[in-house]
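What follows is one structure encoded as structure tokens, with my remarks underneath.
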Amino acid sequence: MKKNLDIYFTRIYIIKAFVIALCLCAFIYLAYFKLTFLTLNSLLALTGFYLLLGENRIVWFWSGFFTGLLWFYWISFSFVYYDLVFLIPFIILGIALVYGFLFWLIGRLGSSIYVQLPLLFGISFVDPFRFNWLKLQLTLIDTYFSTSLLSFGLFLSAITLFKVLPKWTKSFAVIPLIAALSFHSSQTMPETPLDVAIPTMNIPQSQRWDEAYQQKAIDLNFALIEKAIAEHKELIILPESAFPLYLNRAPRLIASLKKYSEQIAIVAGSLTYEEDQGFFNSSYLFLKGEMQIAHKIILVPFGEEVPFPAFIVEIINKLFFDGAKDYQKAKAPQDFVINGVTFRSAICYEGTNDKLFVGNPKQMIVVSNNAWFTPSTEQTLQYLLLRYYAKKYQTIIYHSANSGKSGIIYP
């Protein structure tokens with residue numbers, strides 16, 4: 001038993017795995033520091049996957065462990081606002097172990113590189129606890145290669161061929177590598193159908209739900225709306241939870257927003273409470289004196305719902321969340337039609353899920369509140385994922401975030 005453990009903690013395996021993880025995660029941190037270079041990112045992706053494919057299960061385990069750690073350490077930060085700071089190291093360790101186990105399975109089941117290749121390709125379709133942000137093809141987003149699944153498969157195949165072919169035939173590996181390149185020439189940005197205001201907001205999470213700050217938040221929103229009206233904008237998009245209350249239970253606010261909407265369309269995030277249904281995370285549209293609500297359909301695992309059977313959910317909510325209930329959700333994506341233009345409505349985590357892109361919407365409004373994870377690389381990773389999905393579905397995404405990067409993301 002001790003001998004087996006010693007093997008798993010052999011220093012050379014751990015060091016190699018850490019180097020692999022650094023290569024596979026570097027694109028996030030380079031983007032965070034605005035140091036993105038196509039050549040460097042391409043070389044790092046090639047190196048990371050080259051070192052990983054063909055390795056033993058121990059290297060696979062530690063590679064997954066460190067990759068999970070570097071991609072998702074920030075998930076634990078939200079527990080600060082539930083007064084569960086003591087859980088942070090356990091959450092970080094747990095996340096790393098989950099991805100370590102997933103990678104270990106590939107190394108365990110794939111004794112041959114020919115088996116490891118399809119298993120590694122398929123890991124992007126595995127969503128632990130319904131969390132789908134490990135998209136390994138994202139490593140190619142700021143490289144010379146395409147991020148499509150076909151190109152990612154060709155990219156991995158080229159690396160595999162280069163490793164297994166005899167010296168005199170290794171050049172054949174260049175064929176799938178060339179096929180994986182992105183051949184889209186740089187084009188001018190398409191015109192947006194509406195003149196949109198997307199203000200930058202950076203309100204700390206510690207203030208967002210503080211009742212003492214509530215009126216200031218409302219006043220800020222109204223000031224931004226008035227500024228957009230003065231600039232003759234057609235639409236203003238305010239982020240998730242821009243109105244930190246149950247907006248459907250605030251008739252005076254609704255009346256004010258309806259009045260403003262005679263001059264400009266307004267989309268803003270807030271909560272909804274219905275006595276017969278429960279709580280919803282929602283986007284509100286105010287247009288020409290009318291109000292429309294779109295509820296979230298995909299909830300954040302552990303943040304908005306506990307992804308376990310009901311009896312376990314009840315226990316966890318009692319132990320850690322003072323008996324709070326999970327949010328409710330809508331059954332299907334909802335669209336807003338604004339001045340004749342159809343926009344798919346998405347809230348934060350939803351904008352990085354294929355289900356919201358059903359029907360290939362041409363325009364999507366995504367509102368986010370990233371203050372839960374500030375400061376961290378979460379905002380950078382979310383933005384990279386939004387770029388990936390915008391390109392995948394050829395959708396223009398209008399992203400309004402509290403903390404993080406707001407703006408229009410083109411395909």
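At-a-glance table
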{"read-out": "Residue 70 being crowded, with 16+ Cβ neighbours inside 10 Å and under 23 Å from residue 133 (Cα atoms)", "value": "yes"}
{"read-out": "Residue match in the stretch 227-247 (condition: open to solvent by less than 70 Å² (accessible area, probe 1.4 Å), touching a Lys or Arg at 6+ places or on another chain (Cβ under 7 Å) and more than 17 Å from residue 403 (Cα to Cα))", "value": "no"}
{"read-out": "The stretch 358-379 - residue that is free of Cβ contacts under 8 Å to residues at least 40 places away in the same chain and closer than 30 Å to residue 69 by Cβ and, of those, surrounded by the most Cβ atoms within 10 Å (Cβ to Cβ)", "value": "366"}
{"read-out": "The listed residue being of a type in the set (Ser, Thr, Tyr), out of contact with any strand residue (DSSP E or B) (no Cβ under 9 Å at 6 or more places or on another chain) and modelled with pLDDT of 95 or more, out of 393, 383, 388, 398", "value": "388"}
{"read-out": "Sole exception among (1) closer than 24 Å to residue 141 by Cβ; (2) part of a loop (DSSP other than H, G, I, E, B); (3) open to solvent by less than 50 Å² (accessible area, probe 1.4 Å) for residue 55, by number", "value": "(1)"}
{"read-out": "Residues of the stretch 260-278 satisfying the condition of being modelled with pLDDT of 95 or more and either under 20 Å from residue 241 (Cβ atoms) or among the basic types (Lys, Arg) (or both)", "value": "260, 261, 265, 266, 267, 268, 269, 270, 271, 272, 273"}
{"read-out": "Options 193, 251, 204: the member that is under 16 Å from residue 401 (Cβ atoms), of a type outside the set (Gly, Ala, Ser), out of contact with any Phe, Trp or Tyr (no Cβ under 8 Å at 6 or more places or on another chain) and open to solvent by 40 Å² or more (accessible area, probe 1.4 Å)", "value": "204"}
{"read-out": "Residue match in the stretch 171-189 (condition: in contact (Cβ under 8 Å) with a residue 60 or more places away in the chain, over 30 Å from residue 80 (Cα atoms) and surrounded by fewer than 19 Cβ atoms within 10 Å (Cβ to Cβ))", "value": "yes"}
{"read-out": "Residue that is farthest from residue 50 (Cα to Cα) [pool: residues in the stretch 173-189 that are over 24 Å from the mean Cα position of the chain (by Cα) and at pLDDT below 95]", "value": "188"}
{"read-out": "Residue 121 closer than 25 Å to residue 39 by Cβ, open to solvent by 20 Å² or more (accessible area, probe 1.4 Å) and not assigned by the TED database to the domain that holds residue 378", "value": "yes"}
{"read-out": "Only listed residue being in contact with a Lys or Arg (Cβ under 8 Å, 6 or more places away or on another chain) and of a type in the set (Gly, Ala, Ser), chosen from 256, 261, 270", "value": "261"}
{"read-out": "Set 398, 327: member being open to solvent by less than 10 Å² (accessible area, probe 1.4 Å) and either within 22 Å of residue 238 (Cβ to Cβ) or more than 18 Å from the chain's Cα centre (by Cα) (or both)", "value": "398"}
{"read-out": "Subset of the stretch 217-249 [in a loop (DSSP other than H, G, I, E, B) and over 20 Å from residue 345 (Cβ atoms)]", "value": "231, 232"}
{"read-out": "Pick from the stretch 380-395, criterion closer than 25 Å to residue 285 by Cα and out of contact with any helix residue (DSSP H, G or I) (no Cβ under 7 Å at 6 or more places or on another chain), ranking: surrounded by the fewest Cβ atoms within 10 Å (Cβ to Cβ)", "value": "394"}
{"read-out": "First in the stretch 32-44 and under 14 Å from residue 139 (Cα atoms) and touching a residue at least 12 places away in the same chain (Cβ under 8 Å), second anywhere and of a type in the set (A, V, I, L, M) and open to solvent by less than 70 Å² (accessible area, probe 1.4 Å), Cβ under 6 Å, 6 or more apart", "value": "36/30; 44/26"}
{"read-out": "Meets criteria (within 27 Å of residue 212 (Cβ to Cβ) and either over 24 Å from the mean Cα position of the chain (by Cα) or hydroxyl-bearing (Ser, Thr, Tyr) (or both)) for residue 283", "value": "yes"}
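Here is a yes/no grid of residues against (1) of a type outside the set (A, V, I, L, M); (2) modelled with pLDDT of 95 or more; (3) assigned to a strand (DSSP E or B):
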position	(1), (2), (3)
316	no, no, no
326	yes, no, no
346	no, yes, yes
368	yes, yes, yes
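The values are calculated or read from the model by the stated rules, or taken from the named source; none is laboratory data. The model shown is predicted, which means the values in this text are computed figures rather than measured ones. Note: ideal-geometry Cβ built from the backbone for every residue, glycine included; neighbour counts use all protein chains shown. Remember, those area values only see protein heavy atoms, side chains included, never the ligands or the DNA or RNA. Shrake-Rupley method; radii C 1.70, N 1.55, O 1.52, S 1.80 Å.
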